[in-house]
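I have placed the structure first, in the form of C-alpha cells, so that the comments after it can refer back to it.
The values are calculated or read from the model by the stated rules, or taken from the named source; none is laboratory data. Computed from a prediction, not measured in an experiment: that's the story for all the values here. As a convention, Cβ positions derive from the backbone with ideal geometry for all residues, glycine included, and neighbour counts pool all protein chains shown.
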Amino acid sequence: MELNQPVKLKLLKDKPHIGTNSYGEYYLYTVQNDEGVQFSYFAPAEIHNLIQQHKLKNGSSFILKKTATMNGKKITPSIEFSIIGEPESQHTSPPLIPGSDGLKEILLQCVIDAADVIRSSGIQLGNDELQKLATTLFIQRAKNAS
C-alpha cells in the first residue's frame, strides 16, 4: 500500500484463512480492489479484529489507508480502517488528542474524506473544490458532534 493513498477492498470470502508461522498467527483474506484485481491480503490482528467486530462478510467493502506518524525520531506506520456503507459515526477516525475539543481531528478526517470522494468520482477537481467539500463535511460533522 502506498502512503496516504486509500485502497478500497471487497471481501470475496466470509472468513479468512487463519494459520501460524514463525511470526505468530496470521489472517489471510481473499479480496478484490476497485480495478477488479483479486489478491490475498495478510491483515494485521487489529484490522482482522475490526473486520470481525463489524461482521463483514463476502461482498462487504472497506477502505484501508497506510499512514505514518512521528514518535520522537522514529517514524511509525499505521493503517486506518473505515467501512463503506455505514453511517459516518461508525467509521474509524483519527484518535482524539487528550484535552482537545476534537475539531482538529474532525477537520482532518473531513479533508481525508473529501479527497477520497474526489478521487473515487474520477473527476478532476482542484483544491478549491476540495476545500468546499471538506468545509461542508466539517460543518455537518461539527453540528453532529455537539
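Here are a few things to note about the model shown:
- Segment 43-70 - residue that is more than 13 Å from the chain's Cα centre (by Cα) and hydroxyl-bearing (Ser, Thr, Tyr) and, of those, nearest to PRO16 (Cα to Cα): SER60
- If you filter segment 62-101 down to residues that are modelled with pLDDT of 60 or more and small (Gly, Ala, Ser), you find that the one that is farthest from LYS10 (Cα to Cα) is GLY72.
- Hits in segment 1-54 (condition: farther than 18 Å from ILE84 by Cβ, of a type in the set (Phe, Trp, Tyr) and in contact with a helix residue (DSSP H, G or I) (Cβ under 8 Å, 6 or more places away or on another chain)): TYR27
- Of all residues in segment 118-146 being among the β-branched types (Val, Ile, Thr) and modelled with pLDDT of 80 or more, the one that is surrounded by the most Cβ atoms within 10 Å (Cβ to Cβ): THR135
- Strands (runs of 3 or more DSSP E) contained in segment 1-84 and holding at least 2 residues surrounded by fewer than 17 Cβ atoms within 10 Å (Cβ to Cβ) and not aliphatic (A, V, I, L, M): 17-21, 24-33, 38-43, 61-71, 74-83
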